[in-house]
């Protein structure tokens with residue numbers, strides 16, 4: 001059984017080091033702290049931003065299985081993890097899994113990204129949001145973005161049409177996470193489409209979409225910004241429309 005212990009989240013003002021994120025037009029997620037920062041599944045919840053109360057495991061919640069009484073989705077899409085990279089040669093191991101494969105009228109498809117310290121020492125890993133794929137965009141132009149927190153924190157084209165036309169503002173600060181030996185941090189992420197929607201275009205594009213993030217790992221005292229191990233890890237997400245339309 002994986003041991004889960006204390007996790008701490010810090011922030012260092014190093015502009016421009018948050019890779020894989022957008023900082024275009026202000027959105028509901030960009031409230032001066034890099035969006036909601038809802039790291040819902042951090043093991044003890046000991047984080048400096050304190051937003052650890054949202055939608056940890058929604059299998060029985062109001063936005064988990066919306067088959068009873070939920071509004072009909074505008075766009076019937078289903079996601080799956082088509083491929084993941086091999087584990088990086090680092091002290092930490094990243095993972096991704098599908099929580100809610102199919103979009104509903106109340107929420108987009110949802111993933112969970114996790115990073116685990118598999119070493120026998122306490123380490124600091126950065127960037128703190130990117131290592132759990134918060135605000136990370138796919139490499140394809142006009143693709144997808146992974147956003148933490150519930151759907152009502154953002155401004156979709158319409159209810160059930162999980163696309164953001166104006167983007168999301170993300171702060172430039174470089175955050176870090178401190179993970180004790182064996183500890184994990186995770187975040188539940190909505191799968192959103194990006195970009196202005198043309199007439200006749202579906203809310204969410206289909207196909208395969210590549211997500212990557214850089215993991216920088218350092219000792220607890222020095223931190224990752226002072227040098228240490230670094231590697232890129234990613235995965236491919238497949239998006240299909242139900243009925244093959």
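The values are calculated or read from the model by the stated rules, or taken from the named source; none is laboratory data. Remember, it's a predicted structure, so these values are computed and weren't measured experimentally. We place every Cβ from the backbone using ideal geometry, glycine too, and count neighbours over all the protein chains shown.
Structure summary
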quantity	calculated
Selection status of residue 193, crowded, with 16+ Cβ neighbours inside 10 Å, in contact (Cβ under 8 Å) with a residue 40 or more places away in the chain and part of a loop (DSSP other than H, G, I, E, B)	no
Some residue of the stretch 96-103 being under 17 Å from the mean Cα position of the chain (by Cα) and under 24 Å from residue 218 (Cα atoms)	yes
Failed condition for residue 223, given (1) closer than 18 Å to residue 113 by Cβ; (2) in contact with a strand residue (DSSP E or B) (Cβ under 8 Å, 6 or more places away or on another chain); (3) at pLDDT below 95	(1)
Matching residues in the stretch 91-148 - criterion: being assigned to a strand (DSSP E or B) and over 15 Å from residue 237 (Cβ atoms)	92, 93, 114, 115, 116, 117, 123, 124, 125, 126, 148
Candidates 62, 78, 104, 74 - the one that is surrounded by fewer than 16 Cβ atoms within 10 Å (Cβ to Cβ) and either under 21 Å from residue 205 (Cα atoms) or at pLDDT below 85 (or both)	62
Filter result (in a loop (DSSP other than H, G, I, E, B) and surrounded by 23 or more Cβ atoms within 10 Å (Cβ to Cβ)) within the stretch 171-190	183
